[in-house]
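Heads up: the structure comes next, in structure tokens.
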Amino acid sequence: MKLWYSPTSPFVRKVIAAAHELGVMDRIEIVTASTSPVDRHAGLAADNPVGKIPAMVLDDGQVLFDSRVICAFLDSLNPGKSLTPAMAPDRFRSMTLEALGDAIMDAAVLVRYELAVRPEELRWKGWIEGQMTKVRAGVDSMEKDWLTFLAGPLTQGHLAAASALGYLDFRFADDNWRASRPGLAKWYDEFAKRPSWVASAPKG
């Protein structure tokens, strides 16, 4: 299997951490692609028509994207361990938490592009604030609504939540998400000791 990869993508980090947790990382070939909304990577675009990472090319040539699909596939490779609860309500709680983590990452990455790619004179302050409002509201929800679930067995939802928080540490440390969310900060700091999390830390 080949994984199109960027060392700073929170969605890639979610996939890499899942692969480590499921014991399948040694089956994955990492291929680095540098891409942005205005600079498509030709090799990646040949596999994923929208040119986004992560994308995974399976041994039979089938291509999977986005991170939720890839993680679900990796989950199917290890019959002895799963990051997806089998039964409701935990199954749908995990899926919803993953959607929340992904939404936070989506908004944060859009802000990152606005600040790092768009020329300064063209940046839209209202757009940035609108996306950061989504980020902060999502993290507030994790503190208010999700601590009990996060304290339970590891799921794909946990990895998405951690990926979002890790990306905020990496790219938006000045926003200090921990300041008013002590329960979530305590959970994440303990989670960050996991070998899968150390191994998937962003670089660059």
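Determine the shape class of the range 107-204: with a ≥ b ≥ c the square roots of the Cα gyration tensor eigenvalues, call it rounded for a/c under 1.5, and otherwise prolate if a/b is greater than b/c, oblate otherwise. Mind showing how you got there, number by number?
Details: a/c = 2.51, a/b = 1.64, b/c = 1.53.
Verdict is prolate for the range 107-204.
In this structure, the pairs whose alpha-carbon distance is over 20 Å, taken from Lys14/Lys81; Lys144/Lys186; Lys14/Lys193; Lys144/Lys193, are Lys144/Lys193.
Only protein heavy atoms count here; on that basis, with a 1.4 Å probe, Tyr167 has an accessible area of about 20 Å². Here the chain is treated as a sphere whose radius is the Kirkwood value from Cα pairs; by Stokes-Einstein at 20 °C and 1.002 mPa s it diffuses with a coefficient of 122 µm²/s. In this structure, the amide hydrogen of Ala55, modeled 1.01 Å from its nitrogen in the peptide plane, lies closer than 5 angstrom to those of Trp4, counting only residues at least 5 positions away or on a different chain. A straight Cα-to-Cα reach below 15 Å connects Lys203 with the aspartates and glutamates Asp169, residues fewer than 8 places away in its own chain not being considered.
Give the accessible surface of the range 15-54 per residue, rounded to a whole number of Å², with probe radius 1.4 Å and ligands, DNA and RNA excluded. Could you put the intermediate results ahead of the total?
On the way: 2050 Å² over 40 residues.
On a per-residue basis, the range 15-54 sits at 51 Å².
Look at the alpha carbon pairs under 8 Å that are at least 6 residues apart: their mean separation over the length of the range 46-204 gives a relative contact order of 22 percent.
Cross-link candidates for Lys125: which lysines have Cα within less than 17 Å, leaving aside residues fewer than 8 places away along the same chain? Filter leaves Lys134. The value of relative contact order for the range 89-159, using C-alpha pairs under 8 Å at least six residues apart, is 55 percent.
The values are calculated or read from the model by the stated rules, or taken from the named source; none is laboratory data. Please read these numbers as outputs of a predicted model, since none were measured by experiment. For accessibility, only protein heavy atoms count, side chains too; no ligands or nucleic acids. Shrake-Rupley method; radii C 1.70, N 1.55, O 1.52, S 1.80 Å.
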